[in-house]
């Protein structure tokens, strides 16, 4: 079980004290028969406990919705806000709590915030003189009570998450919804109707109505479960489409890079040789035209020599292209050209330190180049850095690529679903038998380290 920060521990005690104080105040503001009330609260507490341990949307580290809310609302409508607060404080629990996966501070906070939420709802219902036997006017007070409960609950949950994670309160608050906002709002509004129906049944037939309450709870749970499944599928589909689009862009860019490398090789080694042969052919043609046959003895061997050099250079280039997917120039020269090209296009100061050919297999060389390409483009386009450092060196039995920048950085713990380039680099390194490590934090730049074994 993880330890909690001091702020969370102190906050939990303070919230519990606040909940107990509010219960005391509301108990005097809305008096009831304490003896009879205590007996009547037992079945309410049992039903709340049952609904609490059967949540929807439960996942590690994420908010979820427990369906004790309509039961607690109905209890506050019938028994009053103080009584509902006592039921919530005692019976509102969770699976994590029962399994021992929550710290005592979190347990105290959860019980206290649920109690405060339902007491706010009960107070609003009473202040609006809501009457569960006055239909349909009771729905107005019930919906107002739900709004009060939701406001207090969301504020309290956001506060504990913010204190525990160090994130901004407003940023946490904006993440606390389940499903699409429209369907979630519709579902949540329906809970007030369910609560009003529960309260009316209780007033009509007594405690036996608590057995009937299981039916709408099951229906509400199934409705929310289907909404969650649809929302999750829609979100996953959107993420995959975006990832596929990014992969397509990356492949297109790499193909452009490949064409550029081949074009550069043809220009530097093939066209120059063809130009030399063309010049010498024109010289020989002019010698024939003027009848200077003796001059041909010097020019023809030079023409033959140029043609042989061109043939050798072409064979070397073709061999290099077939030997390595990175190109005939090899990894070191290709990386150097990449650094120069990005520095020229972006105006960035890129400092590179590249060792001689590392002796990696051809497919791994291509992976190293692709990771370097992505890391340099990320740093140049997104980091707002002044300097980027790239190094390729041997470290023991490994070849290590490092790309470092002094830019704004980012939170690596929240990079999933946002930084597709990092995910693709990680997958490429894994497929090639290497590892990728990304180190960064807001305001402290970023470091990408890829390591590949030279022994295979």
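Rule-based calculations on the coordinates, nothing more; no lab input. Note that the coordinates shown come from a computational prediction; the quantities given were computed from them, not determined experimentally. Cβ atoms come from the backbone with ideal geometry, glycine included; neighbour counts cover every protein chain shown.
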Q: Evaluate the distance, in nm, between pseudo-label points positioned 7 Å from the Cα of residue 151 and of residue 435 along their respective Cα→Cβ axes.
A: 5.3 nm
Q) Of the listed peptides 441-447, 39-45, what is their order by residue-averaged count of other C-beta atoms within 10 Å, with the highest listed first? A) 39-45, 441-447
Q. Based on the mean of other beta carbon atoms within 10 Å per residue, what is the order of 272-285, 142-155, most packed first?
A. 142-155, 272-285
Q.
For the stretch 330-453, compute the orientation-averaged projected area of the C-alpha convex hull (one quarter of its surface), in nm².
A. 7.0 nm²
(Q) Once you place label points 7 Å from the Cα toward the Cβ at residue 24 and residue 355, how far apart are they in nm? (A) 7.2 nm
Q. Relative to the present Cα-Cα distance, how much length would full extension add between residue 272 and residue 454 at 0.36 nm per residue of separation?
A. 61.9 nm
Q. How high is the FRET efficiency between residue 382 and residue 341 when r is their beta carbon distance and R₀ equals 22 Å, given to the nearest 0.05?
A. 0.75
Q. Using bins 10 angstrom wide from zero, how does P(r) for the stretch 65-111 break down, in % of all Cα pairs?
A. 27, 48, 23, 2
Q) Pulled fully out, how much extra length does the chain show between residue 39 and residue 312, if you take 0.36 nm times their separation in residues and subtract their Cα-Cα distance? A) 88.3 nm
